[in-house]
Each structure stands twice: as structure tokens, then as C-alpha cells.
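Beneath this line is the structure, given in C-alpha cells, with notes to follow.
Values in this text are rule-based calculations from the coordinates and carry no lab data. Just so you know, these numbers come straight off a predicted model, no measurement behind them. Backbone-built Cβ (ideal geometry, glycine too); neighbour counts: all protein chains shown.
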Amino acid sequence: MVTKKILAILSSIAVVTLFWYLVGEVFVLKDNGVPLGHKNSFSKLQCVSYAPFSKDQSPFDSKLAISEDLVREDLVLLAKYTDCIRTYSTVGLEMVPKIARENGLKMLMGAWVSSDKVLTQKEINALIKLANENQDIVKAVIVGNEVLLRGDVSETVLAGYIKQVKEALPNTEVTYADVWEFWVKHPKIREVTDFVTIHILPYWEDDPMNISQSIGHLADVRGEVEAILKDKNILIGETGWPSEGRMREDAVPSKINQAVFVREFVKLAEKEGWKYNIIEAFDQPWKRVSEGAVGGFWGLFDKNRVDKKVFDGDVSNFPNYKPLALGSIFLVLAFSFLLKSSTLSTKKIVIFSSINTLFAILFMLQIEQYSVTVRTSIELLWAVLVVITHLLIYYFLLYHIAYGKKPQIATLEKILNQKVLFYISFVFVLISSIALAYEGRYRNFEIYIFSISVISFLWLYRGKFEDIDFGKFGKASSLILLLTTITIFINETYLNTFSDVWILISLGFAYILYSGSKKIAYSELKNFALYIVLFFVFFTYLKSSYLANSDFAAECSVSVDSALCVIRESLAKFLHLGRLEIFAVIVAVVAFFANNRYLSVLSLFVSMGAVLLFNASLGSAAFVLSMFLVLKAFNNKSKLIKDN
């Protein structure tokens, strides 16, 4: 028996080691043997987007001061790989042209155009001044970046800014930069620019392209824009591929895919004689707050200015695989101590070791994902709670296999004095599914760690589902999980492997919840369902006809002082700053302690607004708590009526 246990442990360690070796050393992009600068390669990139922020800085910090030393170090490095940098703002970056000149770099100098007229004019004034003073290195100026995409100003207002710059800089080429579709939608902008600057980012397309289709798609798009605008003078102002982040349909961010894209694109651009700019020089962690993990990982170098081997060299998606492998081995050994006093058949030892091996790999894959996605204190708290919960679930399942003891099944009323792991994990999944369904564009699918919990509870509670009493909250939660999985599937399509796995995880929990709440009739949820439908219709209408209405946004960019536009702008700012989700949490907590039915309904209303109006991070948590409170309130009312 001891020999079998030792062999099982050694087999687990061997499988774990082999897995991490394969993903770290074998499944890699091999260098083609043509180093940067070789006659059969490109000598330097034409131009690269540059933002002068360190790993801990953000342009949204009002106290931010750009370090001249950092800019100098950055441009010394970039001069080895490119002849040109593209900037997006001028205010606060007045030292950049001088340092660029010192390093033999040209500039595509940009001014940031926004809905704030005062700040925009400051940017334009600084652009004109700097371009006039540095005509020897300024190849062109770019007035505004993706302004029409964001809906910050109208086409007419934007054209006015461009004309102002052209009049002030008669000897400098002037352009505007936006995603290619917005040049097609606003061809009149071409009439006031000297050339066209389009962004083609296959990963971010409305119909995302996988890496094998991306270069062909880019070439087709460039040709389409050239044909529509009848202009060959086109600069591809942004193109690139992220090295980390969430999958969009079958477009996968990865270090290998980033290297493949840049190498293949540059090769084609040189062949076709295209003008281009790669986004971007360095990873920008600050973008992760508003764009999710993927926003921070478009750099040719990481946040510490370390080469990501995008240009040449072997590339691995897991260059840090050795510490991850050690973590998995540690987990295998730590949980194998449960075998010490157990008396198991050979079959049970194999089952124990197989699950231990699988969970050790999944656990470290999730740790690696969290190392990429976690940035804020709330995200860190979430990750810590999820990790601790799943360590306990991991132990719980293996303990059951080793000693044959099943967990006690807790009812919702006894949750505070019984085992709570299932309840905690399903609430995590419910919160995540709601957020992924209604604000999932920048969110990652935490499939590795939640695979551990769904496998564990399907195993632990098999044959016992009928004995579980989840009540109305369990019944409603199973329906919400079903609805969110449908929404996620529609948003992501079957091509997204990560979303497919997440859907299976959600459906696994939905099945457990449904099986444990069969005693509850759907008619008992009719009042709750009515509130959900009414609130959903209200906030969907508000979003589509008022907040996200492009025509109304265009009117407001002209009539900024109208009452409706002022209200819209204030509400948009309120939502952008995440204030609604904070308010939703406050209302939900107050309703919880007040134990008042009307406050509970108000909490449900506010939290649904947060979920549907782009404040789903905390809003989804507030919604789940509000669900519980409303259903509890209705349940208490029903009991009161029966008693009378």
C-alpha cells in the first residue's frame, strides 16, 4: 500500500513537471534565425507609439509629473529599434521633442482632443508651439485620437480644430487618427487633413480576428479604406496585438501571438511599402483599470522596460513556468499528506492522485492569471478570497476521497453555523457571471479555479441533490445563471474557448441549485421576476435612448449647455467614475441591516442599474445581495399571510 501511494505521488509530480515544461519550453515560437537588422529582416520599425509613464504612473493622476530622466532612458532604448515615436498629448510633454532629437528620432506629434473645450485648446496651443519649434523632427501632427469613436465632439467641431492647426502650421502635414470604420463613416474629415491615419487592430474589431486571419484582414481593411476614400496616402496609425488578457471569440492574446503578428505585419508592410506605427513601446499598467488586463499589455517591452522578444528570439507564453511548476509540485506534496493515514484501494489512490494533479495545475494557472489581471485593491481582495476558498475546497474533496466522509449539507438558514464553501463559491460564480454577461468586454474568465469548485461539488453532492434545500434564493440563482450563460454565449460565440468552459462551470452550479430547489414552484418567484423585468426594461431604455445613443451624443457635442445634455454629461461622469456601483453597495448594506422590504426593493433597483449601466464590478455583488434580501422579504410576507 505504501509503495502504491509513493508511486502515485511521484507520478503526480512527473505529470505536473512535464505539463509545465511543455507549455514553457516546448510549445514556443521558435526564432526564424533572422536577427533584427539582418539584410533579410527589417532594420528598424518605422514608428512606435510612446507614452512616458512608468509602471506606477497614470495620466489620470492630477499630481503626475513626467520624469525627464525616464523619457531620456526610454528614448535611448527605443532609438535602437525605431526611427520615430508617436505621442498622443502635448501638455506636460514639452521636453520630449528635445530628447527625441538627441537620439535621432522623428515624431508624429499628437494633441489630445476631448469634450473639454478648455483642455483641448491648451493641447492645440501647445501642439502648434512645439511643432513650430521642432520642424526638423516633426514628421506630422495628429489632431485628436479616436475622438469620433468616443463621441467626444462632432465631426464639425473636430474639423474646426484641424483647420485651426493647419492654418497655424502651413509647412507641417496635419492628420487625424481614428479606427478605420470612423473614417468610412466620416469621409469629410479627409477634406481637411493632409493624409489619412487609420487604426487597424484585428483583436479589437467588432468581429475579432484570430491570429492566423489577422494579417490578411488588416490588408483587406487597408485596401477597402483606400478604395472608399480614393486616397493611397494612408498611415496605419495603430496596429499590434496584446500579449496578455481575455480571449475575444477566437482572438487570443499571448506573447507568442504578439510576436507572430508584429513580425508578419512588418514583413508585409515593408513588402507593400505601407507607412505604419506600432502600438506600443511599453506596457501601460494604468490602462488595465479602464480596459481590463488586455489594455495594459500591448507593449514591445514590458512595464519594467524588459524586451518581450517581439522582434526576434524564441518566445514562450509561460517564461515563468519554473516557479509555477514548483508551486504545483508543492500543492501535490502538501495534499498528498492526506494519504498518510488512509486505507484506499488502488482505484481510489489513482482517483486521488489524478484529482490532486489536475487541481495543482489548475490552481497555479489561476495564480498566473491573477498575477496579470489583479491591479486594484478590490481585485486583490476578490482574488485572495477566491484562492482561500478554493484551497479549502481542494482539501475538502481530497479529504473526502481519502477518508470517505461526505460534507454536511447546509440549508441557507443554517449557513452561519454549517459548512459554507458551496454557498461562497456559487455566489462568486453568480457575481462573475452577471458581470461577464453585462460588462464583460474587459473581464477575464476565471475558468481554472472555478473548475476546481464545480468538479468538487458535483462529486461531493452526487446522489444528494434532492436532499438539499436552497429555497427561493437557490431557485432564482439557478435561473439567473441560466440567463447569464445565454447572454455570455451570444456575446462571445462558441469560438471563445474560455467562455465555453465558463458556461459549463455556470451550468454545473445552476444544475446543483436547480436540483436542490425543486420544492420551490416558479410561481413563488413571480413578484421577484416582475421587479426584474420592470427594472431591466427601464434601464435598458435609459441606456439605449439616452446614454448610448450616438445621435443624441452628437447633438450634445454641439448643444453642450442644454439641460438634457448637462444631465447626460453629469450622469455619464458619475457612471465613468464608478459612483453608481459604490452607491448600490451602500444601499444594499443599509437594506441588509435595516431588514426593510421597501429598502430591499430599492436596493434591487439601484443594483440592477449599476449592472446594466457599466458599473457591474461591485454592482453585480450588490445585485446578488439585493436578490437575497428581496426574496427573503417576500418569503417573510408569505409566512405572515399564512399565519394569519
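Here are some notes:
- Prolate/oblate/rounded call for region 299-394, Cα gyration tensor, a/c under 1.5 rounded: oblate
- The chain - share of DSSP beta bridges that are antiparallel (%, nearest 5): 10 percent
- Residue 102/residue 491 FRET efficiency (R0 35 Å; Cβ-Cβ; nearest 0.05): 0.15
- Cα-based Rg and Dmax for region 268-327, where Dmax is the largest Cα-Cα distance (Å): 14.8, 49
- Cα-based helix-to-principal-axis angle, 2-21 vs the chain, degrees rounded to 10: 20 degrees
- When the chain is described by a simple charge dipole with +1 on each Lys and Arg Cβ and -1 on each Asp and Glu Cβ, the residue from 427, 112, 265 located farthest towards its positive end is 427.
- Normalised by the number of residues in the chain, the mean separation of alpha-carbon contacts (under 8 Å, six or more apart) gives a relative contact order of 12 percent.
- Charged side chains reduced to their Cβ positions (Lys and Arg at +1, Asp and Glu at -1) give the chain a dipole of some 2680 debye around its Cα centre.
- Per residue, the convex hull spanned by the alpha carbons of region 478-609 comes to 158 Å³.
- Interchain or long-range residues, amide H under 5 Å from residue 173's placed H: 141
- Distance violations [Cα-Cα > 20 Å] among 139/309; 30/55; 139/275; 117/573: 139/309; 30/55
- A simple charge model with +1 on the Cβ of Lys and Arg, -1 on the Cβ of Asp and Glu and nothing else charged puts the dipole of region 205-344 at about 680 debye relative to its Cα centre.
- Principal axes of region 361-523: Cα extent on each, largest first, Å: 40, 39, 28
- With θ taken as phi - 60° and the Karplus curve 6.51 cos²θ - 1.76 cosθ + 1.60 applied, the whole-hertz 3J(HN,Hα) list for region 575-581 is 6, 4, 7, x, 6, 5, 5 Hz, x standing for glycine and proline.
- Couplings for region 339-353, taken from phi via the Karplus curve 6.51 cos²θ - 1.76 cosθ + 1.60 with θ = phi - 60°, read 6, 4, 9, 8, 10, 10, 6, 4, 4, 5, 5, 5, 5, 4, 5 Hz in order; Gly and Pro are left as x.
- Percent of alpha-carbon pairs separated by more than 41 Å within the chain: 37 percent
- Assigned charges on the beta-carbon of Lys, Arg, Asp, Glu; region 42-296 dipole about Cα centre (debye): 400 debye
- Per-residue HN-Hα couplings for region 87-92 [Karplus 6.51, -1.76, 1.60; θ = phi - 60°; Hz; x = Gly/Pro]: 10, 10, 9, 10, 5, x
- Placed amide H near residue 314: partners under 5 Å, 5+ positions off or other chain: 31
- Projected-area average for region 228-333 over all orientations - Cα convex hull basis, square nanometres: 9.6 nm²
- Lys/Arg +1, Asp/Glu -1 at C-beta; region 290-352 dipole; positive extreme among 343, 326, 310: 343
- Convex hull projection area averaged over all views, region 42-296, Cα basis, nm²: 12.8 nm²
- With Cα atoms, 0 to 90° folded angle of helix 155-168 axis to the chain main axis: 40 degrees
- Length released on extending from residue 185 to residue 264, taking residue separation times 0.36 nm less the Cα-Cα span: 25.5 nm
- Trypsin sites (Lys or Arg not before Pro) within region 179-256, DSSP loop, no more than 13 other Cβ atoms inside 10 Å: 230, 232
- Computed over the chain, the per-residue total of -39500 (n - 2.57) for DSSP H runs of n ≥ 4 gives a 222 nm mean residue ellipticity of -19000 deg cm²/dmol, rounded to 500.
- Dipole of the chain [Lys/Arg +1, Asp/Glu -1 at C-beta], most positive-end residue of 67, 534, 235: 534
- Region 361-523: relative contact order in percent, alpha carbon pairs under 8 Å with at least 6 residues between: 27 percent
- Spin-label proximity, residue 582 to region 606-635 - amide N less than 13 Å from point 7 Å beyond Cα toward beta carbon: 618
- Low-density loop cleavage sites - trypsin sites (Lys or Arg not before Pro) in region 282-372, where at most 16 other Cβ are within 10 Å (DSSP): 340
- Sequence-distant residues sharing a close amide H with residue 86 (under 5 Å, placed H): 48, 49, 50, 108
- Label-to-label distance, nm, for residues given as residue 540 and residue 58 (7 Å Cα→Cβ offset): 3.3 nm
- Helix 526-542 axis, angle to the chain major axis (alpha carbon atoms, nearest 10°): 0 degrees
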